[in-house]
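Student: Sharing a structure below in structure tokens format, with a few things to ask.
The values are calculated or read from the model by the stated rules, or taken from the named source; none is laboratory data. Predicted model only: the values in this text are computed from it and were never measured. Positions of Cβ are backbone-derived with ideal geometry, glycine not excepted, and every protein chain shown enters the neighbour counts. The protein model used for the area step is the full one, side chains on, heavy atoms only, and it has no ligands, DNA or RNA in it. Shrake-Rupley method; radii C 1.70, N 1.55, O 1.52, S 1.80 Å.
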Amino acid sequence: MPYIGRFAPTPSGPLHLGSLVAALGSWLDARAAGGRWLLRIEDIDPPRCPPQAAATIQRQLAAFGLTWDGEICFQHRRDDAYHTALERLAAAGRVYPCGCSRKEWQHLGHYPGWCREHPRHPQRPQAWRLRTDLGPNPVIWQDRLFGTQRLDPTTQGDVVIKRKDGLWAYQLAVVVDDAAQGITDVVRGFDLLDNTPWQRQLQQALGYPEPRYLHLPLIRGDDGQKLSKQNLAPPLPLDDAAVRPLLHQALALLDQRPPSELHQAPVATQLAWAVDAWSPQALTPRAYRDLT
């Protein structure tokens with residue numbers, strides 16, 4: 001099957017170095033395989049997505065030479081597809097409405113499935129949750145970096161796939177869109193590895209193909225915190241003079257050992273070397289990669 005990968009940022013702000021490492025790893029994996037690389041904007045939560053953030057992300061990717069194939073998929077336009085998937089899951093008894101509040105169950109560590117048979121609070125706004133008890137349990141898959149994974153989704157709780165406010169949740173949207181776009185390979189950060197069991201359960205319940213997964217180490221700053229928008233990581237630059245050394249740094253953070261003479265080389269030159277030299281086997285299987 002031809003390789004189809006994707007990068008799927010949430011436009012809650014501009015990309016930073018941690019985002020660049022994830023995008024670059026995904027792009028290189030696709031290009032080295034002679035495959036396609038798609039861009040999906042995961043804007044299903046409008047309150048978190050300021051105006052122009054998606055456009056800024058596109059300019060940042062372009063500045064680093066990370067070109068995408070085809071049209072961009074915007075999740076805010078995909079309501080009908082998510083609704084159809086939810087109807088199929090409901091008809092199969094794989095999901096249920098739930099009006100419980102986090103305060104009621106947070107002392108347990110995860111939602112225990114109180115509403116699986118009968119809603120406890122039918123008068124409240126209802127979320128929709130996935131029945132993790134219907135299996136498969138445990139979920140077993142082979143991560144391309146971290147090896148055999150064996151996780152039981154029931155220990156994580158019945159995840160929300162549609163929120164009480166009517167907005168779609170990440171777990172359902174990502175599964176529906178990966179299937180619709182024919183994604184064969186998901187390359188993303190380690191922080192999403194423990195989301196994979198819920199997604200595999202949804203893929204099986206909906207009869208979708210199951211992509212291969214490669215989870216990349218997260219980048220940790222000098223303060224020991226993961227680089228993120230919440231931790232105020234600096235946005236990626238757009239000027240070429242700043243882009244060149246940062247691209248070289250991102251390649252090093254992916255354990256690709258770019259030659260020092262490429263440090264100030266044009267973006268196209270660095271990427272051509274990186275595609276030819278790309279080796280996921282060079283990556284060290286660890287949750288975090290420190291800047292220093």
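Student: Counting only trypsin sites (Lys or Arg not before Pro) that are in a DSSP loop and have at most 14 other C-beta atoms within 10 Å, tell me the longest site-free stretch of the chain.
Tutor: 121-285
Student: Mind checking which aspartates and glutamates have their Cα closer than 13 Å to the Cα of Lys226? Skip sequence neighbours fewer than 8 apart in that chain.
Tutor: Hits, sequence-local ones excluded: Asp191, Asp290.
Student: What FRET efficiency comes out for Thr269 versus Asp290 if R0 is 30 angstrom and r is the Cβ-Cβ distance? Round to the nearest 0.05.
Tutor: 0.65
Student: GNM, the chain, Cα, under 10 Å: largest mean-square fluctuation among Pro47, Pro97, Pro125?
Tutor: The residue that fluctuates most here is Pro47.
Student: On to the next question. If you take every DSSP beta bridge fully contained in the stretch 6-136, what fraction is antiparallel? Give it as a percent rounded to 5.
Tutor: Taking every DSSP beta bridge with both residues in the stretch 6-136, the antiparallel ones total about 50 percent.
Student: Compute, for the chain, the length of the dipole vector about the Cα centre, with Cβ point charges of +1 (Lys, Arg) and -1 (Asp, Glu) only. Units Debye, rounded to 20.
Tutor: Here the size comes out at about 680 debye.
Student: When DSSP beta bridges are limited to those with both residues in the chain, what percentage is antiparallel, rounded to the nearest 5?
Tutor: 50
Student: Roughly how many Å² of Leu262 are accessible to a 1.4 Å probe, to the nearest 10?
Tutor: Approximately 20 Å² of Leu262 is accessible to the 1.4 Å probe.
Student: Okay, next question. Over the chain, give the accessible area per residue in Å² for a 1.4 Å probe, as an integer.
Tutor: Result: 46 Å² of accessible area for each residue.
Student: Here's something else I'd like to know. Using alpha carbon centroids, what distance separates the stretch 245-265 and the stretch 114-180, in Å?
Tutor: Measuring centre to centre over Cα atoms gives 38 Å.
Student: Which residues make up the longest stretch of the chain clear of GluC sites (Glu not before Pro) that lie in a DSSP loop with no more than 15 other Cβ atoms within 10 Å, not counting the sites?
Tutor: Longest gap between qualifying sites, sites excluded: 118-292.
Student: At 1.4 Å probe size, with the rest of the protein present, what percent of the exposed accessible area of the chain is carbon and sulfur atoms?
Tutor: The computed percentage sits at 52.
Student: Taking +1 at the Cβ of each Lys and Arg and -1 at the Cβ of each Asp and Glu, which of Thr269, Val95, Pro211 sits farthest along the dipole of the chain towards its positive end, judged by Cα position relative to the Cα centre?
Tutor: Going by the Cα projections, it comes out as Val95.
Student: For Rg and Dmax of the Cα atoms in Å, which listed value, (1) 21.4, 86; (2) 19.9, 66; (3) 18.0, 55, comes from the coordinates shown?
Tutor: It is the value labelled (2).
Student: Here is a follow-up. Where nothing but the Cβ of Lys and Arg (+1) and of Asp and Glu (-1) is charged, how large is the charge dipole of the stretch 25-162 around its Cα centre, in debye to the nearest 20?
Tutor: So the dipole magnitude of the stretch 25-162 works out to roughly 180 debye.
Student: With everything on Cα atoms, drop me the angle between helix 79-91 and the longest principal axis of the chain, reported from 0 to 90° to the nearest 10.
Tutor: 40
Student: Can you list the aspartates and glutamates whose alpha carbon is less than 16 Å from that of Lys164, not counting same-chain residues fewer than 8 positions off?
Tutor: Asp45, Asp79, Glu104
Student: Something else now. Relative to the present Cα-Cα distance, how much length would full extension add between Ser101 and Thr84 at 0.36 nm per residue of separation?
Tutor: Difference between extended and current length: 3.5 nm.
Student: Just the accessible area for Asp152, please: 1.4 Å probe, Å², rounded to the nearest 10?
Tutor: 50
Student: Quick one: how many Å² of Val243 are accessible to a 1.4 Å probe, rounded to 10?
Tutor: Approximately 0 Å² of Val243 is accessible to the 1.4 Å probe.
Student: Let me check something: with ligands and nucleic acids excluded, how do Thr292, Thr10 order by accessible area (1.4 Å probe), largest to smallest?
Tutor: Thr292, Thr10
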